[in-house]
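Undergrad: This structure is in structure tokens; I'll ask about it shortly.
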Amino acid sequence: MFGWRIPKAENTPEATEKLRAALDKAEAVIVGAGAGLSTSAGFTYSGERFEKHFHDFAAKYHFSDMYSGGFYHYDTLEEHWAYWSRYILINRYEDAPKPVYDKLLSLIQNKDYFVLTTNVDHCFQKAGFDKHRLFYTQGDYGLFQCSEPCHQKTYENEAVIRQMVQQQKDMKIPSDLIPRCPVCGKPMTMNLRADNTFVEDEGWHTASERYADFLCRHKHMNTLFLELGTGMNTPGIVKFSFWRMAYEWPDAIYACINLNEAYAPKEIQKNSICINADIGEVLNKL
């Protein structure tokens, strides 16, 4: 359907003013958020932050970022959960270093808004976004599920994650802290979409229905599709769907803020605003 073309992607006062005008005019704002938004907020997965929390794993296994460590096949569940408990604690239960999410909320909280996100770090709710206006499509670091899975239910994990971090020694947690499914007894895993074992629980389906209803009610209104920091790992969830709706909806504006990756197809160039810049910097200017 769409032909690839990079429209005039800018980082200028004029582009920011154009986005400000679109935001002021919008009767509804639909935010599509990816990893770049959390990166702008300081949730980096390499460099100093990685070395601070995973220097021992880095020295033993020679990976240099959190993602690589997350995919490593450890010999024991005790070591696996030593790594992942630290990972979950700092990326789910600790606040982001920069108030980018807070700034975003201040800009849209008086609008009729909804958030569609592939992020799993819970930053929206920690910043005060209405949980009934959020759809986390890819899961949540704060939830466990059965690894099988034998049933479609998830479980909050904060208490046991904090225990794992506090009680681990020599890069291993105590064996009695290994999370196991209360139904079948098999090991639990994170509720993260990686394959066909991902659990879409009751909360996931409720959020999906709310999002579908929001789209239905706002199709013929002045709507701003605000895409923040999404890439091409799962473009069908946010990016491609936003492009399609910006093309089909009569009064829609598509805006994309993404450092060096802001673009749109030629079919929607006239109603697109693409800004190649750090998201937090642009939100501050707004």
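The values are calculated or read from the model by the stated rules, or taken from the named source; none is laboratory data. It should be emphasised that the depicted structure is a prediction, and the values quoted were computed from it without experimental measurement. Counting neighbours? That spans all protein chains shown, and the Cβs are built from the backbone with ideal geometry, glycine included.
Undergrad: I'd like the full set of residues that are crowded, with 19+ Cβ neighbours inside 10 Å and under 13 Å from Ala22 (Cβ atoms), limited to region 233-254.
TA: Ala246, Ala252, Ile253, Tyr254
Undergrad: Continuing with this model, one more query. Does Gly42 satisfy the condition of being closer than 29 Å to Ser241 by Cβ, surrounded by fewer than 21 Cβ atoms within 10 Å (Cβ to Cβ) and touching a Phe, Trp or Tyr at 6+ places or on another chain (Cβ under 7 Å)? Full working, then the answer.
TA: Numbers: closer than 29 Å to Ser241 by Cβ: yes; surrounded by fewer than 21 Cβ atoms within 10 Å (Cβ to Cβ): yes; touching a Phe, Trp or Tyr at 6+ places or on another chain (Cβ under 7 Å): no.
Criteria not met by Gly42.
Undergrad: Taking region 117-134 on its own, how many of its residues are farther than 17 Å from Ala41 by Cβ and either among the small types (Gly, Ala, Ser) or not assigned by TED's automatic domain parsing to the domain that holds Ala212 (or both)? First the steps, then the outcome.
TA: Filtering region 117-134 for residues farther than 17 Å from Ala41 by Cβ gives 130-133.
When the remaining residues are screened for being either among the small types (Gly, Ala, Ser) or not assigned by TED's automatic domain parsing to the domain that holds Ala212 (or both), the result is none.
Going through region 117-134 one residue at a time, the tally reaches 0.
Undergrad: Taking into account only those residues within region 255-280 that are of a type outside the set (Gly, Ala, Ser) and under 19 Å from the mean Cα position of the chain (by Cα), which is surrounded by the most Cβ atoms within 10 Å (Cβ to Cβ)?
TA: The residue in question is Ile257.
Undergrad: Check region 77-88 and report whether any residue there is touching a His at 6+ places or on another chain (Cβ under 7 Å) and surrounded by 18 or more Cβ atoms within 10 Å (Cβ to Cβ).
TA: Scanning region 77-88, I find at least one residue that is touching a His at 6+ places or on another chain (Cβ under 7 Å) and surrounded by 18 or more Cβ atoms within 10 Å (Cβ to Cβ), so the answer is yes.
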